[in-house]
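A short worksheet on the structure shown next.
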Ligand SMILES: O=C(O)CCC(=O)C(=O)O
Ligand SMILES: [Fe+2]
């Protein structure tokens, strides 16, 4: 069952629930002022370009934008929220030394949108390894997420995954609605889910948009979903603190993977 915690809950309690159920909510993890600031920074670009991401998977009444670091400087505050990083540490650092932002996307589901197809994020990886989550994802609520406006749907019953292979998405089409829960949460809250969790955006039957910021964190030895090196201009990347630069990929994994001349962390033989 999907459980809601608050931001004072120790992160190991939240991570344990996330790992057991595939999802967990932290209510009001960020304050309204930050969420409003991000929503304001995203407003113009979302209106100008958000429709360009319409397709069968994303929907045709949903606006989206990727590469948030270029569009909303305040979104960086969500990316490095200490509780979020503790949760990402618990899920990912079992299998890697450091991890990266996979993608960062604003998702605004407008009235009249249908429920998104149920899926698993990270099914773009051609293999799966039992027990290894390649990614962990978080959806930050820029507006309240309600049952009516399209709060993310998910299946916490892990048994439905038994026998389902990587990318076997047809298996999700007949999932009984009674197995589907929704991440209902107030603005400022964060919904976390595992890469292996079946989920999808909800239908918006209300009269106003449901807006959120989606951020994924992926193992340091897999390719990130977004190509941050091409999406975020170098001078924009360099304008952020080292913690952010490292999270988008300006670091190596261990001494050998992703190294570059002069790498302070890598075993660059010419250094
Ligand atoms: O908008 C949502 O609630 C979820 C979106 C999603 O799961 C996706 O696009 O992969
Ligand atoms: Fe998804």
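The values are calculated or read from the model by the stated rules, or taken from the named source; none is laboratory data. Keep in mind that what you see is a predicted model, and the values were worked out from it rather than measured. Note that each Cβ is placed from the backbone with ideal geometry, even for glycine, and that neighbours are counted across all protein chains shown.
So, in the range 103-123, of the ones that are within 11 Å of ligand 2 (Cβ to nearest atom) and closer than 27 Å to residue 70 by Cβ, which residue ends up surrounded by the most Cβ atoms within 10 Å (Cβ to Cβ)?
107
Would a scan of the range 22-29 turn up a residue that is at pLDDT 95 or above and either assigned to a helix (DSSP H, G or I) or loosely packed, with under 14 Cβ neighbours inside 10 Å (or both)?
no
Can you name the residue in the range 73-84 that is outside any helix (DSSP H, G or I) and in contact with a helix residue (DSSP H, G or I) (Cβ under 8 Å, 6 or more places away or on another chain) and, of all such residues, is surrounded by the most Cβ atoms within 10 Å (Cβ to Cβ)?
So the residue we want is 74.
Go through the residues of the range 213-223 one by one and say whether even a single one is in contact (Cβ under 8 Å) with a residue 12 or more places away in the chain, surrounded by fewer than 21 Cβ atoms within 10 Å (Cβ to Cβ) and more than 16 Å from ligand 2 (Cβ to nearest atom).
yes
Which of the following residues is assigned to a loop (DSSP other than H, G, I, E, B) and in contact (Cβ under 8 Å) with a residue 40 or more places away in the chain: 174, 204?
Only one candidate passes the filter, namely 204.
Taking the range 85-120 on its own, how many of its residues are under 17 Å from residue 141 (Cβ atoms), in a strand (DSSP E or B) and more than 16 Å from ligand 1 (Cβ to nearest atom)?
Qualifying residue count, the range 85-120: 0.
Quick check on this structure: which one of 48, 76 is away from ligand 1 (no atom under 16 Å from the Cβ) and free of Cβ contacts under 8 Å to residues at least 12 places away in the same chain?
Step by step, each of 48, 76 is checked, and only 48 is away from ligand 1 (no atom under 16 Å from the Cβ) and free of Cβ contacts under 8 Å to residues at least 12 places away in the same chain.
Which residues, counting only those in the range 129-161, are within 16 Å of ligand 2 (Cβ to nearest atom) and part of a loop (DSSP other than H, G, I, E, B)?
Of everything in the range 129-161, those that are within 16 Å of ligand 2 (Cβ to nearest atom) and part of a loop (DSSP other than H, G, I, E, B) turn out to be 133, 134, 150, 151, 152, 156.
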